[in-house]
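Chemist: Questions regarding the structure given below will be posed in turn.
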Amino acid sequence: MLCTRLTNARFLTMDPDRPVAHDLGIWRGRIVGLDEEVTSLPAREVVDLQGATVLPGFVDSHVHLAWAGLKANTPSIAPCQRVDDVLAVVARAAARAAPGAWVDIAGYDQRALGRHLTAAELDRVGQNRKIFLMHDSGHACVVNSAVLDLLPAEVPHQDGFLAESAMTAVRQLRLPYSQEELADAIERAGRTCLAEGITACAEAGIGGGLLGHSPVELGAYQLLRDQGRLPLRVQLMAAGDTLRPRAAHRDDGIPRALDLGLRTGFGDDWLSLGALKIYTDGGMMARTAALTEPYEGMAHTGQFQDDPERIADLIVDGHLAGWQLAVHAIGDRAADLALDALERAQERRPRPAARHRVEHAGLIRPDQLSRFARLGVSAVVQPNFLRHFGDDYADVMGERRAPWMYRGRGFLDHGVTLVGSSDRPVTDGSPLRAIQFMVERASTSGRTIGPDEGITVDEALHAYTTAGAYACHWDDTAGTLAPGKRADLVVLGDDPRRVETSRIGAIDVVATYVDGRTEKGTP
């Protein structure tokens, strides 16, 4: 007897051997059959989906759940476009905090204001609190003098604006969040993912780096798992700077490792250790992505997070230690560094099945596409970046380079695995809205950006299902609707392949199934 049979639906299986079905059977959280394999079998529950379209649950291969959940409960200046309005929000938040406390403000983006805020401006409203405005990119912040006074003199800043490693120095001044605080934030963000049809995600960096919230951050996820509160499947990327030199046996060839030698693959179907997250450069929004040519109308080319040789050595050491690598590289100069180091690593110890990834791949020159393919490196892109920020990004890249941003067709035509993701909460996390952009390549203003990089709806769906599962080493259990796979599904109010492209992002997510059970999200 089946646990559940879902019927009267259009199942888009993403399995080329059986692309469409109308019935699906579930037993103990797994798919046991389709159509004639299950239609005549008795079931404890039969669910009539009334003609809905069903896909494998979306996989978001690059998110920041803790940051997203914390940001949702933080005062925000996002709607403000005048400096005085921003300072009024800061003043109200400071008034509610205890003297000397840290005051967090979300939603900071200098582009809306036309310039960066200054420490002196924050001092006027800070009321002797430590003011910390997090840039929406996650790569910078603005602080007041109460924070600057605590920093070593060698930490660089521009009137209170600190980027990349300088921001990390600020974050290190603070006590870590508690595991309970982080668990609540992760659960909150996970519920939002479920409401958008996401059943599994990869948390892009815990325990260190720019966005680590605690040196024992993994414990917050384990706490949720133990309490049955983890809303969806999560793969955790350890931040590269959590590795330490280890005196392992010479034949092991492991120069650096986490304690006990933990690496990619440890865990279970709900919570596991994924890739090692390594930063090379900054972000396009903060103008710190590392480019080979200057930003349009500017004199600088962004920056690396650290000395390039040290970054390359960490990439090689991570590969030698057996990790899958997720290398953050937004600018083309950063992509050169990442690809050079990955090639060197594979020459030292060939691991063809490592499935290394470049996170973002925000600006990729035509000559770099074949290197991705030759090295077997996946491109984990964020289509909604261009949907929301494309007008600005296209302006700072210029007419020649704009079509190279967050590519689609270029990767696929070269045989590169194209993986969809969100980088939530940097921008909108909806897979359906991202899929729409991947097809039409239009920003919210209607501006078309690199139209030749548009792909088909089927290819975009593949990026958020089958390719996402592949990038996370889940392809034996997720990514398609086939017997033996996990019963993780998204039920949609319409078929993305049959509606007008402009309507894909507005399709209703009717239900999300994880382990064969409907899960409640937070819209």
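Chemist: Which percent of the accessible heavy-atom area of segment 52-99 goes to carbon and sulfur, probe 1.4 angstrom?
Modeler: It is 52 percent, rounded to a whole number.
Chemist: Keeping every protein chain in place, order SER272, SER178 by accessible area at 1.4 Å, biggest value first, i.e. largest first.
Modeler: Result, largest first: SER178, SER272.
Chemist: Report in % the part of the accessible area of segment 315-401 that belongs to carbon and sulfur, leaving out ligands and nucleic acids; probe 1.4 Å.
Modeler: For segment 315-401, the apolar C and S fraction of the accessible surface comes to 49 percent.
Chemist: So what is the accessible area of the chain per residue, in Å², with the probe set to 1.4 Å?
Modeler: Per-residue value: 39 Å².
Chemist: Please list 3J(HN,Hα) in residue order for segment 159-165, calculated via the Karplus relation 6.51 cos²θ - 1.76 cosθ + 1.60 where θ = phi - 60°; whole Hz, with x for glycine and proline.
Modeler: For segment 159-165, the Karplus curve yields 6, x, 8, 10, 10, 6, 4 Hz.
Chemist: Also: Taking 0.36 nm per intervening residue step and subtracting the Cα-Cα distance, what contour gain separates ARG225 from ALA248 on full extension?
Modeler: 5.2 nm
Chemist: Send over the per residue convex hull volume for the chain, Cα only, as a whole number of Å³.
Modeler: Per-residue hull volume (Cα only) is 151 Å³.
Chemist: Taking the Cα centre of each part, how many Å lie between segment 399-446 and segment 126-198?
Modeler: Here the two parts' Cα centres lie 27 Å apart.
Chemist: Order the following by accessible area, largest value first: ARG409, ARG357. Probe radius 1.4 Å; ligands, DNA and RNA are ignored.
Modeler: Putting ARG409, ARG357 in descending order of accessible area: ARG409, ARG357.
Chemist: List the residues, sorted by chain then number, that are 5 or more residues from ALA140 or on another chain and whose placed amide H is less than 5 Å from its amide H.
Modeler: Placed amide hydrogens put HIS135, GLU164 under 5 Å from ALA140.
Chemist: Continuing with this model, one more query. Taking amide H positions as placed in the peptide plane 1.01 Å from N, state which residues far from ALA202 in sequence (5 or more) or on other chains have amide H under 5 Å from it.
Modeler: HN-HN under 5 Å from ALA202: ASP60, SER61, HIS62, VAL63, GLN235.
Chemist: To continue, here is another question. At 1.4 Å probe size, what's the solvent-accessible area of SER502? Round to the nearest 10 Å².
Modeler: SER502 has an accessible surface of roughly 70 Å² with all protein chains in place.
Chemist: Any idea which of LEU236, THR118, ILE311 is furthest toward the positive side of the dipole for the chain, if Lys and Arg beta-carbons carry +1 and Asp and Glu beta-carbons -1?
Modeler: Of LEU236, THR118, ILE311, it is LEU236.
Chemist: Next question. What residues have an amide H closer than 5 Å to that of TRP102, excluding those fewer than 5 places away on the same chain, when H is modeled at 1.01 Å from N in the peptide plane?
Modeler: Those lying under 5 Å, H to H, from TRP102 are LYS130.
Chemist: Let me ask something additional. By accessible area of protein heavy atoms, probe 1.4 Å, what ranking do CYS80, CYS472 get, highest first?
Modeler: Ranking CYS80, CYS472 by accessible area, largest first, yields CYS80, CYS472.
Chemist: Right, here's the next one. In whole percent, how big is the carbon plus sulfur part of the accessible area of segment 125-237, probe 1.4 Å, protein atoms only?
Modeler: Carbon with sulfur: 49 percent of the solvent-accessible area.
Chemist: What is the gain in length, in nm to one decimal, between ASP508 and THR292 on full extension, counting 0.36 nm per residue of separation less the C-alpha to C-alpha distance?
Modeler: Length gained between ASP508 and THR292: 73.6 nm.
Chemist: Where does each of 396-403, 415-422, 301-308, 241-248 land if you order them by average Cβ count within 10 Å, highest first?
Modeler: Ranking the peptides 396-403, 415-422, 301-308, 241-248 by packing returns 415-422, 301-308, 396-403, 241-248.
Chemist: Using the Karplus curve 6.51 cos²θ - 1.76 cosθ + 1.60 with θ = phi - 60°, work out ³J(HN,Hα) for each residue of segment 9-15 in order, rounded to whole Hz, and write x for Gly and Pro.
Modeler: 9, 9, 8, 8, 6, 6, 9
Chemist: Then there is this: Can you compute 3J(HN,Hα) from phi for each residue in segment 107-114, using the Karplus curve 6.51 cos²θ - 1.76 cosθ + 1.60 with θ = phi - 60°, rounded to whole Hz and x for Gly and Pro?
Modeler: Result, ordered by residue: x, 7, 8, 4, 5, 5, 9, x Hz.
The values are calculated or read from the model by the stated rules, or taken from the named source; none is laboratory data. Only a predicted model underlies this, so the values are computations on that prediction, with no experimental measurement involved. For neighbour counting, all protein chains shown are included, and Cβ atoms are generated from backbone atoms with ideal geometry for every residue, glycine included. Ligands, DNA and RNA are excluded from the accessible area calculation, which covers all protein heavy atoms including side chains. Shrake-Rupley method; radii C 1.70, N 1.55, O 1.52, S 1.80 Å.
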